[in-house]
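The values are calculated or read from the model by the stated rules, or taken from the named source; none is laboratory data. The structure presented is a predicted model; accordingly, all values stated were derived computationally and were not measured. Backbone-built Cβ (ideal geometry, glycine too); neighbour counts: all protein chains shown. Remember, those area values only see protein heavy atoms, side chains included, never the ligands or the DNA or RNA. Shrake-Rupley method; radii C 1.70, N 1.55, O 1.52, S 1.80 Å.
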Amino acid sequence: MLLLYCSCTFSFAQQKSIIGNPIMSGYYADPTIVKNNGSYFIYATIDPWGGNELAVFETKDFITFKQHHLNWPTKAACTSPTSKSSMVWAPSVVKKNAKFYMYVAVGSEIWGGVANSPTGPWKNIKPDNTPLVKVTDFPEVHNIDPDCFIDDDGQAYIYWGSGYNWINGHCIAVKLKSDMYTFDGKPADITPTHFFEGAHVMKRQGKYYLMFSEGKAIDATYQVGYATGKSPLGPFKEDEHRLILKTSADSTIIGPGHHTTFKENGQYYILYHRIYPQKEAYVLRQLCLDSLNFDSKGNILKVNTAGVRTFKKQKRK
């Protein structure tokens with residue numbers, strides 16, 4: 001059972017509401033999430049294969065959503081002399097010291113942005129309006145799918161990478177300086193065995209989890225795995241617990257992947273996309289939410305996509 005809790009300062013009676021999967025109508029992928037002033041903000045790729053901007057939704061209960069428009073990133077604003085034709089993809093948004101930082105793939109390059117609120121106005125974090133990572137910086141890497149992780153000490157790290165033609169995925173990682181865009185050291189390849197793309201790092205009880213997507217994003221082979229390490233930069237090791245979310249035997253869940261995680265009231269959750277079956281030459285994807293649980297040894301348990309999802313809304317007496 002998936003239970004989310006919302007704390008309030010008044011006296012309330014609790015009212016449960018069912019959360020469906022997908023959590024909203026429409027076709028979106030590659031979600032990231034940040035919480036601010038009691039609201040969650042979900043940022044995602046617009047399907048098919050990205051748009052000129054991102055989709056952004058605000059919610060308190062994962063049932064009712066308000067859509068926002070962002071001034072940045074856009075395909076026009078995030079195009080450099082080395083950019084490829086790919087659109088606005090796969091954001092990662094974090095909050096640090098009352099500011100919001102976004103890392104996003106546009107034109108197969110990594111761009112960084114900063115804002116004072118989740119809805120902006122946003123601007124390029126670099127004074128010269130260039131990307132953090134150009135196509136030519138790591139030509140053997142498909143430079144997409146950035147993820148920013150902030151450790152308990154406030155130190156930020158950025159991860160990114162995929163492969164071309166559905167093979168040879170790379171995960172590149174580096175520490176960030178306090179400006180949140182200058183690399184503190186040389187980026188390193190920390191790719192686990194089954195990694196293809198969609199890096200996401202989380203920490204629990206002193207253990208670092210490098211989660212990722214493997215397989216092809218266009219079919220039922222897409223799935224979520226993870227590796228663990230003792231530091232944010234690894235090395236990361238996979239074991240027999242690697243796979244936690246994959247296409248279901250009855251095909252009600254197809255090609256789940258490119259996820260993020262968050263914690264609310266002591267419970268972890270996984271927000272991800274799955275494929276919506278259709279006959280076009282492209283995929284359409286939908287956003288889904290489930291609980292993320294662990295065994296006594298810290299292994300991530302397989303995600304129960306058949307559970308009942310309720311958000312404990314609060315109702316004033």
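Key figures for this structure:
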read-out	value
Residue match in segment 136-143 (condition: modelled with pLDDT of 95 or more, of a type in the set (S, T, N, Q) and farther than 21 Å from HIS259 by Cβ)	yes
All positions within segment 1-20 that are surrounded by 15 or more Cβ atoms within 10 Å (Cβ to Cβ) and either more than 16 Å from ASP290 (Cα to Cα) or at pLDDT 95 or above (or both)	CYS6, PHE12
Members of segment 38-59 found to be part of a strand (DSSP E or B) and under 17 Å from ARG285 (Cβ atoms), listed by number	ILE42, TYR43, ALA44, THR45, ILE46, GLY51, ALA55, VAL56, PHE57
Filter result for ALA105 (within 18 Å of GLY163 (Cα to Cα) and out of contact with any Lys or Arg (no Cβ under 7 Å at 6 or more places or on another chain))	yes
Subset tally (residues that are part of a loop (DSSP other than H, G, I, E, B), touching a residue at least 24 places away in the same chain (Cβ under 8 Å) and not polar (S, T, N, Q)) for segment 110-148	16
Options GLY234, GLY257: the member that is within 21 Å of THR45 (Cα to Cα) and either within 20 Å of the chain's Cα centre (by Cα) or of a type in the set (S, T, N, Q) (or both)	GLY257
Top-ranked residue of segment 66-84 - restricted to ones that are open to solvent by 50 Å² or more (accessible area, probe 1.4 Å) and in contact with a strand residue (DSSP E or B) (Cβ under 6 Å, 6 or more places away or on another chain), ranked as nearest to ALA44 (Cα to Cα)	GLN67
Positions within segment 277-296 being under 15 Å from PRO22 (Cβ atoms) and modelled with pLDDT of 95 or more, in sequence order	LEU284, ARG285, GLN286, LEU287, CYS288, LEU289, ASP290
Matching option when the condition is surrounded by 23 or more Cβ atoms within 10 Å (Cβ to Cβ), within 20 Å of the chain's Cα centre (by Cα) and not small (Gly, Ala, Ser), among VAL174, VAL133	VAL133
Members of segment 85-109 that are surrounded by 14 or more Cβ atoms within 10 Å (Cβ to Cβ) and outside any strand (DSSP E or B)	SER86, MET87, GLY107, SER108
Verdict on ALA220 being open to solvent by less than 30 Å² (accessible area, probe 1.4 Å) and either part of a strand (DSSP E or B) or in contact (Cβ under 8 Å) with a residue 40 or more places away in the chain (or both)	no
